[in-house]
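Enquirer: Here it is, the structure in full.
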Amino acid sequence: MSADYGSRGISRRGILKGATALGAAAMIAPLGATRARAMPKKGGTLRVGMAHGSTTDSLDPGSWENDTMIFQAHTRNNYMTEIAPDGSLIPELAEGWEASADAKTWTFKIRDGVSFHSGHMLVAADVIASLNHHRGEDSTSAAKPIVADIVDMQADGMNVVITLANGNADFPFVLSDYHLPILPAQADGTIDPTTTDGCGPYKIDNLEFGVRADYSRHDGYWKKDRAHFDKIEQIVIYDNAARQNALISGEVDYIDSADLNTVHLLKRAPGINVLSITGTQHYGLPMDTRAAPFSDNNVRQALKYAIDRQQMVDTILNGYGSLGNDHPIGPGQRFFNSDLEQKSYDPDKAKFYLKEAGLDSLAVDIHLADAAFSGATDAGILFSESASAGGINLNVVREPNDGYWSNVWMQKPFAGTYWGGRPTEDWMFATAYAEGVPWNETYWSHTRFNELLVSARSELDEGLRREQYHEMQAIVSNEGGIIIPMFASYVGAYSDALGHDETVASNWRNDGQRLAERWWFA
Amino acid sequence: MAHVWGMILKRLALGVVTLFVVSILIFMATELLPGDFAQEILGQSATPETVKALREQLGLDQPLLTRYLSWLGDILRGDLGNSLANGNSVSELIGKRLGNTLYLALYAAAIAVPLSLTLGILAALYRNTFFDRFANAAALTSISFPEFFVAYILIFWLAGAGGIFPSMSNFRTDPTLSEFLYRAFLPALTLTLVVTAHMMRMTRAAIINLLASPYIEMARLKGMSPIRVIVKHALPNALAPIINVIALNLAYLITGVVVVEVVFVYPGLGQLMVDSVSARDMPVVQGVALVFAGAYVLLNLTADVLATLSNPRLVHGR
């Protein structure tokens with residue numbers, strides 16, 4: 001937007017002022033908020049209010065799962081690779097990398113002169129020890145499945161050579177996963193999972209799980225144009241009203257999550273900006289494709305046409321989201337298939353597919369709790385209303401939040417789920433759609449899909465790869481076992497004293513969880 | 001006096017038995033909850049292999065009795081064990097939170113107890129007047145609203161943009177006394193509003209009960225002022241039930257304030273208990289449950305001892 005002003009010969013100062021005003025007007029921008037701001041400047045204490053976090057959190061990278069820990073991970077640590085705000089992959093601790101022709105052997109060149117908070121200097125052994133923590137029989141890491149393909153790692157000076165069991169053109173993306181920070185190796189070649197050391201922008205001064213964490217800048221941080229705050233305070237505030245109050249009354253500068261029911265009130269408060277980012281986070285209703293009646297694809301199709309997606313986005317997400325098309329790839333991703341027809345609510349089509357399945361009507365139970373995603377039970381009720389017009393009697397069984405992931409999800413034939421999404425198509429499909437993987441929540445197996453998945457993974461020709469991913473999205477959408485009615489935006493809010501780059505990352509909350517090193521006080 | 005000491009010792013011994021029974025009940029109850037620690041902590045990212053590995057590492061694959069006995073053995077050696085989740089020592093975890101919880105309870109009690117006694121005495125003195133009815137109605141109103149609602153109302157009036165008090169307590173480690181009193185004022189006030197009604201009404205009722213007694217009539221006939229009759233003659237005899245109610249309310253202030261903790265972001269024991277139960281982090285759950293049960297046992301004991309001491313007939317025996 002500043003280019004327009006510039007061509008009319010307005011001074012640089014005018015550009016900035018105009019851009020700020022425009023930016024304030026465009027507080028809500030889909031697909032990565034864009035605002036122009038003054039140049040970053042150093043200083044200040046950032047206070048962040050987090051919605052999730054628990055006294056049972058732990059320093060072990062394999063156990064990280066909530067936003068408090070993932071934010072902490074990127075504040076304290078660095079990774080081999082980084083996902084830039086525009087979604088591309090850029091080097092972090094790995095200066096560069098190259099693959100063999102079959103994408104099986106990867107050589108990463110480790111950056112020189114990177115210091116840990118403890119003063120230890122980064123070497124290849126640290127990388128190997130850090131990745132090994134997630135491998136092997138005894139590993140309890142949640143990242144175990146994503147590094148399962150690594151068969152061998154060798155240090156060669158400042159290079160690390162990683163050999164995979166199968167070719168994977170996206171392997172460097174995998175190394176940006178938040179479970180895989182690089183920690184210092186001990187003498188026995190393992191990492192200490194209880195260490196607070198790291199080579200990221202901020203070091204931990206004080207840490208109380210589920211309560212707060214305090215950080216100060218790591219003086220020897222190698223990125224000179226990042227980490228602008230002097231100190232950071234991260235405070236867990238579970239209650240929506242308390243969190244929003246804390247922002248309004250100036251007790252915190254940023255909250256990672258705003259309540260969708262009251263965010264319009266928050267927007268009215270002076271000096272508060274709402275940040276809404278549409279990324280890969282999606283809500284879904286998986287069906288067990290082995291169990292009747294869901295084993296018949298016609299029944300699945302009938303249910304997919306019996307859900308009113310627009311209504312879901314409008315009421316469950318209050319408009320902070322976009323329509324889903326029953327496959328997990330978001331519109332901002334590299335190989336998103338924009339030619340695929342968007343499914344919409346069509347009770348006649350639902351009836352047609354029921355007839356194809358040889359049924360006049362259908363009665364099924366869906367098991368939901370708000371643990372699956374916020375508003376899941378309400379979504380079930382809406383679904384049940386819209387489905388009745390298509391001759392489907394959908395009974396919503398309310399399940400307790402407590403124990404939902406162990407007793408309902410992947411246990412009951414029709415339930416709810418959410419996914420933060422994955423930065424690459426292959427990663428997402430391989431995690432939850434490939435035959436036989438532990439998180440294949442629909443127990444789905446499709447021969448053509450599985451073939452495409454393997455061939456696309458090691459395909460280095462981008463055009464061919466795109467075609468294959470497009471076909472896979474079509475297959476999942478029309479034959480898969482999951483209904484994905486909506487992509488939910490990450491909605492947070494911040495004081496207008498804060499500044500950030502024009503593009504805010506959409507791969508995670510909190511500017512790709514790297515807010516601590518990317519933002520500044522304007 | 002000797003038999004008072006005897007009673008204290010006997011009650012303490014009984015208290016230990018109570019704690020033992022509580023520990024078994026809590027252990028069994030947590031065991032009955034669906035899912036175990038390994039499943040809960042891994043959540044959506046659990047795979048059968050990681051769950052199995054975690055269970056083996058933490059000994060969760062052992063039978064129920066073995067796990068309980070090993071926990072009990074540690075307790076008898078004075079070791080509360082370590083959190084399954086992050087290996088932190090349970091006594092350290094609890095120690096810090098217990099301090100916070102006790103400070104807040106004391107803060108609230110320091111406002112609530114004198115306030116409700118005074119209001120109760122005044123309500124008895126001016127019974128059936130406008131003051132009595134107003135005090136009753138106000139106290140009952142504040143106890144009838146859920147705690148979080150009272151908390152939000154106070155935040156709305158006293159905190160928020162341009163407010164006098166902070167809407168969240170969130171202090172850094174080791175606040176000074178004045179910082180603590182300032183930042184924890186709203187939670188303490190919320191708790192005060194919640195517990196005052198009970199204590200005030202018991203004070204009023206206990207005193208009014210006595211006002212019909214012949215000795216009160218005698219005092220009145222001597223021409224004593226009504227306030228003197230109540231404070232010097234009625235109140236000492238009404239102390240026993242009042243002390244009991246105060247003790248129960250103090251126990252509530254220690255054990256039942258998780259909602260207030262959450263609204264005001266106050267790091268007390270309640271949230272620790274909730275988090276640990278939802279993760280099935282058994283050593284922490286057991287530890288916190290023991291602290292809660294211990295608080296009830298001790299406060300009840302104190303109430304009984306004070307009630308005994310307030311009654312000369314019981315102090316001097318037969």
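Enquirer: Output the residues belonging to segment A:407-426 that are more than 14 Å from chain B (Cβ to nearest Cβ) and under 13 Å from the mean Cα position of the chain (by Cα). Before you say what the answer is, go through the steps one by one.
Expert: Step one: filter segment A:407-426 for residues more than 14 Å from chain B (Cβ to nearest Cβ), giving A:413-414, A:423-426.
Listed by number, the residues that qualify are A:423, A:424, A:425.
Enquirer: Now for a separate question. Let me spell it out: the conditions are (1) more than 14 Å from every other protein chain (Cβ to nearest Cβ); (2) among the aliphatic types (A, V, I, L, M); (3) over 29 Å from residue A:456 (Cα atoms), and residue A:94 meets all of them except one. Which number is the exception?
Expert: Against the list (1) more than 14 Å from every other protein chain (Cβ to nearest Cβ); (2) among the aliphatic types (A, V, I, L, M); (3) over 29 Å from residue A:456 (Cα atoms), residue A:94 comes up short only on (3).
Enquirer: Which one of these is part of a helix (DSSP H, G or I), open to solvent by 10 Å² or more (accessible area, probe 1.4 Å) and either free of Cβ contacts under 8 Å to residues at least 40 places away in the same chain or within 10 Å of chain A (Cβ to nearest Cβ) (or both): B:262, B:305? Don't jump to the end; show me each part of the working.
Expert: Working: B:305 fails: either free of Cβ contacts under 8 Å to residues at least 40 places away in the same chain or within 10 Å of chain A (Cβ to nearest Cβ) (or both).
Criteria check complete, one pass: B:262.
Enquirer: Within segment A:139-165, track down each residue that is within 14 Å of chain B (Cβ to nearest Cβ) and over 22 Å from the mean Cα position of the chain (by Cα).
Expert: Hit for segment A:139-165 is A:139, nothing else.
Enquirer: For residues that are in contact with a His (Cβ under 8 Å, 6 or more places away or on another chain) and assigned to a strand (DSSP E or B), scanning just segment A:493-522, find the one that is most open to solvent (accessible area, probe 1.4 Å).
Expert: A:521
Enquirer: Taking segment A:201-220, which residues are touching a residue at least 40 places away in the same chain (Cβ under 8 Å) and of a type in the set (Ser, Thr, Tyr)?
Expert: A:202, A:215
Residue-by-condition table, conditions (1) free of Cβ contacts under 8 Å to residues at least 24 places away in the same chain; (2) in a helix (DSSP H, G or I); (3) away from chain A (no Cβ under 14 Å):
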{"position": "B:34", "(1), (2), (3)": "yes, no, no"}
{"position": "B:38", "(1), (2), (3)": "yes, yes, no"}
{"position": "B:55", "(1), (2), (3)": "yes, yes, no"}
{"position": "B:60", "(1), (2), (3)": "no, no, no"}
{"position": "B:79", "(1), (2), (3)": "yes, no, yes"}
{"position": "B:115", "(1), (2), (3)": "no, yes, yes"}
{"position": "B:118", "(1), (2), (3)": "yes, yes, yes"}
{"position": "B:124", "(1), (2), (3)": "no, yes, yes"}
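Enquirer: Tell me the residue from A:246, A:227 that is more than 30 Å from residue B:89 (Cβ to Cβ), at the interface with another protein chain (Cβ under 7 Å from one of its Cβ atoms) and touching a residue at least 60 places away in the same chain (Cβ under 8 Å), please.
Expert: A:246
Enquirer: Here's a follow-up. For segment A:69-78, indicate whether the set of residues that are at pLDDT below 90 and either within 27 Å of residue B:274 (Cα to Cα) or open to solvent by 50 Å² or more (accessible area, probe 1.4 Å) (or both) is non-empty.
Expert: Within segment A:69-78, none of the residues are at pLDDT below 90 and either within 27 Å of residue B:274 (Cα to Cα) or open to solvent by 50 Å² or more (accessible area, probe 1.4 Å) (or both).
Enquirer: Restricting attention to helices (runs of 4 or more DSSP H) lying wholly within segment A:357-441, give those where 3 or more residues are closer than 19 Å to residue A:308 by Cα.
Expert: In segment A:357-441, the matching helices (runs of 4 or more DSSP H) lie at A:376-388.
Enquirer: Applying the selection to segment B:272-313, what residues are small (Gly, Ala, Ser) and closer than 16 Å to residue B:94 by Cβ?
Expert: Once the filter is applied, which keeps residues that are small (Gly, Ala, Ser) and closer than 16 Å to residue B:94 by Cβ, segment B:272-313 yields B:276, B:279, B:287, B:289, B:293, B:294, B:295.
Enquirer: Just give me the residues in segment A:466-492 being under 22 Å from residue A:507 (Cβ atoms), outside any helix (DSSP H, G or I) and open to solvent by less than 10 Å² (accessible area, probe 1.4 Å), in sequence order.
Expert: If the condition is that a residue be under 22 Å from residue A:507 (Cβ atoms), outside any helix (DSSP H, G or I) and open to solvent by less than 10 Å² (accessible area, probe 1.4 Å), then A:482, A:484, A:485, A:486, A:487, A:488, A:491, A:492 are the ones that fit.
Enquirer: Identify the single condition in (1) open to solvent by 40 Å² or more (accessible area, probe 1.4 Å); (2) part of a loop (DSSP other than H, G, I, E, B) that residue A:311 does not satisfy, given that it satisfies every other one.
Expert: Among (1) open to solvent by 40 Å² or more (accessible area, probe 1.4 Å); (2) part of a loop (DSSP other than H, G, I, E, B), residue A:311 violates only (2).
Enquirer: OK, next. Which of the residues that make up segment A:185-206 are surrounded by fewer than 22 Cβ atoms within 10 Å (Cβ to Cβ) and assigned to a loop (DSSP other than H, G, I, E, B)?
Expert: Selection gives A:186, A:187, A:188, A:189, A:190, A:192, A:193, A:194, A:195, A:196, A:197.
Enquirer: Follow-up. Only one residue in B:49, B:40 is open to solvent by 70 Å² or more (accessible area, probe 1.4 Å) and in contact with an Asp or Glu (Cβ under 9 Å, 6 or more places away or on another chain). Which one?
Expert: On the way: B:40 fails: open to solvent by 70 Å² or more (accessible area, probe 1.4 Å).
Going through B:49, B:40 in turn, the sole match is B:49.
Enquirer: Going through segment B:1-37 one residue at a time, which ones are crowded, with 18+ Cβ neighbours inside 10 Å, under 30 Å from residue A:438 (Cα atoms) and hydrophobic (A, V, I, L, M, F, W, C)?
Expert: Hit for segment B:1-37 is B:37, nothing else.
Enquirer: Step by step: first the residues of segment A:107-138, then only those that are without any contact (Cβ under 8 Å) to a residue 60 or more places away in the chain and within 14 Å of chain B (Cβ to nearest Cβ), then the one that is least open to solvent (accessible area, probe 1.4 Å). Which residue is that?
Expert: Filtering first and then ranking leaves A:136.
Enquirer: Please indicate, with yes or no, whether at least one residue in segment B:127-138 is surrounded by fewer than 22 Cβ atoms within 10 Å (Cβ to Cβ), over 30 Å from residue A:192 (Cβ atoms), of a type in the set (Gly, Ala, Ser) and in contact with a helix residue (DSSP H, G or I) (Cβ under 9 Å, 6 or more places away or on another chain).
Expert: yes
Residues are listed down the side, and each one gets a yes or a no for (1) among the polar types (S, T, N, Q); (2) assigned by TED's automatic domain parsing to the domain that holds residue B:275:
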position	(1), (2)
B:23	yes, no
B:32	no, no
B:41	no, no
B:50	yes, no
B:81	no, no
B:98	no, yes
B:105	no, yes
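Enquirer: Going by what's in this entry, would residue B:118 be described as exposed (fewer than 15 other Cβ atoms within 10 Å of the Cβ), more than 30 Å from residue A:59 (Cα to Cα) and polar (S, T, N, Q)?
Expert: The answer is yes for residue B:118.
Enquirer: Something else about it: Going by the structure shown, is residue A:295 within 14 Å of chain B (Cβ to nearest Cβ), open to solvent by 30 Å² or more (accessible area, probe 1.4 Å) and without any contact (Cβ under 8 Å) to a residue 24 or more places away in the chain?
Expert: On the way: within 14 Å of chain B (Cβ to nearest Cβ): no; open to solvent by 30 Å² or more (accessible area, probe 1.4 Å): yes; without any contact (Cβ under 8 Å) to a residue 24 or more places away in the chain: yes.
When the stated conditions are applied, residue A:295 does not pass them.
Enquirer: Confirm whether residue A:445 is among the polar types (S, T, N, Q), open to solvent by 10 Å² or more (accessible area, probe 1.4 Å), assigned by TED's automatic domain parsing to the domain that holds residue A:330 and part of a helix (DSSP H, G or I).
Expert: no
Enquirer: Suppose we keep only residues that are more than 7 Å from chain A (Cβ to nearest Cβ) and either among the hydrophobic types (A, V, I, L, M, F, W, C) or on the phi > 0 side of the Ramachandran plot (or both) within segment B:265-283. Which one would you say is surrounded by the fewest Cβ atoms within 10 Å (Cβ to Cβ)?
Expert: B:274
The values are calculated or read from the model by the stated rules, or taken from the named source; none is laboratory data. Being a predicted model, the structure only gives us computed values, none of them experimental. All Cβ positions, even for glycine, are placed from backbone atoms using ideal geometry, and neighbour counts span all protein chains on display. For the accessible areas, the whole protein counts, side chains as well, though only heavy atoms, and no ligand, DNA or RNA atoms are used. Shrake-Rupley method; radii C 1.70, N 1.55, O 1.52, S 1.80 Å.
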